[in-house]
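Working notes, beginning with the structure itself.
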Amino acid sequence: MQRNNMMANFQIKDFIETNNISDTFIKSFRSLLEQNTCEDLDIRHKNISIETRNLDFELLNGDAIAFKSQIDQDGNIIGYYRLVFALDGTLIDDFFVIY
């Protein structure tokens, strides 16, 4: 993950708050679980969770930003969920990755 200076961190926090990134993460994750089977997602059961308070971020080519949260199942980190946003806050893509 790329992290720049303190100003960048401040701008990232502002971006997260202004664009309700945590809410989008929760809604998108919930929707993903509802629309797919355990087999589709390569998980044992749907009792999994993400953490949206301390999201990792990565600036992508200056025109997008990705946020990532670890996926927890039964106390073990089994993968991550990543959302990519345009700089105007529009959701571009999501990635559900199981290790």
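Projected onto the charge dipole of the chain (+1 at Lys/Arg Cβ, -1 at Asp/Glu Cβ, origin at the Cα centre), which of 76, 59, 36 gives the Cα projection farthest towards the positive end?
76
Cα convex hull of the chain: how many Å³ per residue?
Convex hull volume per residue, Cα atoms: 103 Å³.
All of the numbers you see were taken from the coordinates with simple rules; none came from a lab. Small disclaimer: the values here were computed from a predicted structure and weren't measured. Neighbour counts run over all protein chains shown; Cβ positions are idealised from the backbone, glycine included.
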